[in-house]
Amino acid sequence: MVVIEDEETIAGAVAARLESEGFAVETAGDGPGGVELCRRLRPDLVVLDLMLPGLDGVEVCRRIQSEREVPVLMLTALDSETDLLIGLGVGADDYMTKPFSPRELVARIRALLRRAERTAAPERDLLHAGVLKLDLDARRAFVEGAEVHLTPIEFELVRRLATRPGVVYTREQLMADVWGYDEALGARTVDSHVGALRRKLGAGLVRTVHGVGYALEAAPR
Ligand code: CA
C-alpha cells in the first residue's frame, strides 16, 4: 500500500495505523515521488493527498491509474473539494476529508480492497492444450468437452504439463514442481500417476520420451 502525503505527521500516523492493521506501507512526500513509488511497488491501494508539491493529487491519480488499475482513496482538506473532484470525475474510488478518524480510514480501505477483489475476479482461468481444457479455478479437467475426474495430484501433474504443451519434463522436474520435493526414488510415483492420467485422459495425450520424461501432446491425434 502506498501513502502519498506531504504532511509528515499525517503520513506517519496513517502509515503507522495501516501497519498495525497488517498492511505493508510505503510513503512518498510529493507527487512525482508518489508516481514513481507506485510504478515500482505496484500497490494494492493508494492513499493520496490532494494538495501535494510537484504534482497535485488529481494529476498523480491520473498518472498512476493510466498505468494500471488501482483503487485510490483521496484525502482532501474540505468537503467542497471532494464535491468538486467527484464532479470532475477525477477517478479516485473514495474520498475522505481531513481530519478523519483512523478507524474510519481503515474501514474505508478495507471496503475498497474488498470491492477491488470482487470486480477484479477474472473470467474463469482456463488453460487449453489441444483437446484438453483445464478450469484452474474449479480444478476441473475436460477432454473434448467431457469432464474427466482427476485426483488433486493428477490435476497438478497435467496442469504442469499443459502449461507448456510439447515441452518435455523430466521426472525430477515433475517431482519437484508437483510434489514439491526432489527425490530420485520418486520416479516410480511419477510414472504411476502418468499411467493413471493416460487411462483417464486417453493414452495419446501424454507422451513418453524414453529416458527423458513426459510431455503433453500439443495436438494429439
Ligand atoms: Ca498536503
Taking θ as phi - 60°, what are the ³J(HN,Hα) couplings along segment 16-31 by the Karplus curve (6.51, -1.76, 1.60), each to the nearest whole Hz, with x for Gly and Pro?
5, 5, 5, 5, 5, 8, x, 8, 8, 10, 10, 10, 10, x, 8, x
Residue-by-residue Karplus 3J(HN,Hα) for segment 131-142, coefficients 6.51, -1.76, 1.60, Hz, glycine and proline x
7, 8, 10, 10, 9, 6, 6, 8, 6, 10, 10, 9
antiparallel share of DSSP beta bridges within the chain, to nearest 5, in %, is 55
Whole-number accessible area per residue in Å² for the chain, which is evaluated in the context of all protein chains at 1.4 Å
55
Using the 2.2 N^0.38 Å rule of thumb for compact globular proteins, work out how segment 17-102 stacks up: its C-alpha Rg over that value, please.
1.04
Under a plain spin-label model, where a point goes 7 Å from the Cα along Cα-to-Cβ, how far apart in nm are residue 209 and residue 125?
2.6
Can you list residues from other chains, or at least 5 along the same chain, whose modelled amide H is less than 5 Å from the amide H of residue 74?
48, 93, 94, 95, 96
For the chain (alpha-carbon point model, no solvent) the Debye-based log₁₀ I(q)/I(0) at q = 0.08, 0.10 Å⁻¹ works out to -0.50, -0.65
How large is the dipole of the chain about the Cα centre if only Lys and Arg carry +1 and Asp and Glu carry -1, each at its Cβ, rounded to the nearest 20 debye?
1580
For segment 81-91, take each phi angle, set θ = phi - 60°, evaluate the Karplus expression 6.51 cos²θ - 1.76 cosθ + 1.60, and give the result in whole Hz per residue in order, putting x for glycine and proline.
5, 4, 4, 5, 5, 4, x, 7, x, 5, x
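Counting other Cβ atoms within 10 Å, which GluC sites (Glu not before Pro) in segment 22-91 have at most 14 and lie in a DSSP loop?
Within segment 22-91, the qualifying GluC sites (Glu not before Pro) (loop, at most 14 other Cβ atoms within 10 Å) are 69.
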When the chain is treated as a Gaussian network with springs between alpha carbons less than 10 Å apart, the largest mean-square fluctuation among 111, 176, 92 is found at 176
Could I have the simple spin-label model distance between residue 62 and residue 188, label points 7 Å from Cα toward Cβ, reported in nm to one decimal?
6.9
Counting helices only, and only those DSSP H runs with n ≥ 4, report the 222 nm mean residue ellipticity of the chain as the sum of -39,500 (n - 2.57) divided by its residues, in deg cm²/dmol to the nearest 500.
-13500 deg cm²/dmol
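The values are calculated or read from the model by the stated rules, or taken from the named source; none is laboratory data. Just so it is clear, the structure is predicted and the values come from calculations on it, not from any experiment. Here Cβ is always computed from backbone atoms with ideal geometry, including for glycine, and neighbour counts include all displayed protein chains. Side chains included, ligands, DNA and RNA excluded: accessible areas come from the protein's heavy atoms. Shrake-Rupley method; radii C 1.70, N 1.55, O 1.52, S 1.80 Å.
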